[in-house]
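I am attaching a structure below and will ask some questions about it afterwards.
The values are calculated or read from the model by the stated rules, or taken from the named source; none is laboratory data. Just so you know, these numbers come straight off a predicted model, no measurement behind them. We place every Cβ from the backbone using ideal geometry, glycine too, and count neighbours over all the protein chains shown. Areas reflect the complete protein model, heavy atoms only, side chains present, ligands, DNA and RNA absent. Shrake-Rupley method; radii C 1.70, N 1.55, O 1.52, S 1.80 Å.
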Amino acid sequence: RQLPLADMAAELIELIETIVVYTFPRCSRQEIAAMLGLIDMKETRFYQETLEEGREEGRVEEAKSLILRLLVHKLGELSEDLREQVGQLDVDVLEELGEAVFDLESVEDLGRWLEGASDEK
């Protein structure tokens with residue numbers, strides 16, 4: 001199947017933008033825009049996808065930080081091992097832990113909960 005000319009042009013521009021971004025990783029957004037003759041790099045799909053990925057990573061990191069603070073508030077200081085285990089949880093399991101934190105009574109309960117969560121993977 002053949003794409004309309006406008007779609008082919010848009011895909012070609014995106015490919016060129018991606019190649020330039022990866023070829024010149026140390027260039028600023030403005031420098032890349034100048035190379036490509038773009039008015040606003042923020043309008044490219046590459047920029048939008050990268051921005052969304054950054055936002056998602058930020059939300060995950062903030063969730064981890066919040067859950068750790070709740071755990072410390074409820075259970076007291078956590079060992080580095082427990083902190084690492086919580087830090088490695090994916091978002092779905094982290095949400096479950098956020099709900100479970102209210103049921104935990106001790107650091108040992110947290111350890112058992114984390115073991116159960118890793119067994120389910």
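As I understand it, the value is the acute angle between the Cα axis of helix 5-23 and the longest principal axis of the Cα atoms of the chain; what does it come to in degrees, rounded to 10?
Value to nearest ten degrees: 60.
Give me the number: length gained by fully extending residue 18 to residue 90, i.e. 0.36 nm times residue separation minus the C-alpha to C-alpha distance, one decimal in nm. Write down the numbers at each step before the final one.
Numbers: separation 72, 0.36 × 72 = 25.92 nm, distance 2.84 nm.
In short, 23.1 nm is gained.
Summarise the accessible area of the stretch 1-115 (1.4 Å probe, protein heavy atoms) by the percent that is carbon and sulfur. Can you show the working numbers first?
Numbers: 4540 of 8380 Å².
Whole-percent figure for carbon plus sulfur exposure: 54.
Once both axes come from the Cα atoms, what is the angle between helix 107-120 and the longest principal axis of the chain, in degrees from 0 to 90, rounded to 10?
50 degrees
Could you give the dipole magnitude of the chain about its Cα centre, charging the beta-carbon of Lys and Arg +1 and that of Asp and Glu -1, in debye to the nearest 20? Don't skip to the answer; put the middle values down first.
On the way: 13 positive and 30 negative charges, 142 e Å.
Once rounded to the nearest 20, the dipole reads 680 debye.
Which label belongs to the value computed from this structure, given these candidates for P(r) over Cα pairs in 5 Å bins from 0, in percent: (1) 2, 11, 19, 21, 18, 15, 9, 4, 1; (2) 2, 9, 16, 14, 9, 7, 7, 8, 10, 9, 5, 2, 1; (3) 2, 12, 23, 25, 22, 12, 4, 0?
Computed from the coordinates, P(r) over Cα pairs in 5 Å bins from 0, in percent corresponds to (2).
Taking the Cβ-Cβ separation of residue 105 and residue 59 as r and a Förster radius of 41 Å, what is the calculated FRET efficiency to the nearest 0.05?
E(calc), rounded to 0.05, equals 0.90.
In square angstrom, what is the accessible area per residue of the chain with a 1.4 angstrom probe?
Averaged over the residues of the chain, the accessible area is 74 Å².
Here's a follow-up. Given the -39500 (n - 2.57) contribution per DSSP H run of 4+ residues, what per-residue ellipticity at 222 nm results for the chain, rounded to the nearest 500 deg cm²/dmol? Mind dumping the intermediate values first?
Values: 6 runs with 90 residues, N = 121.
That comes out to -24500 deg cm²/dmol.
If you fit an axis through the alpha-carbon atoms of helix 91-100 and take the longest principal axis of the Cα set of the chain, what angle between them do you get, 0 to 90°, nearest 10?
30 degrees
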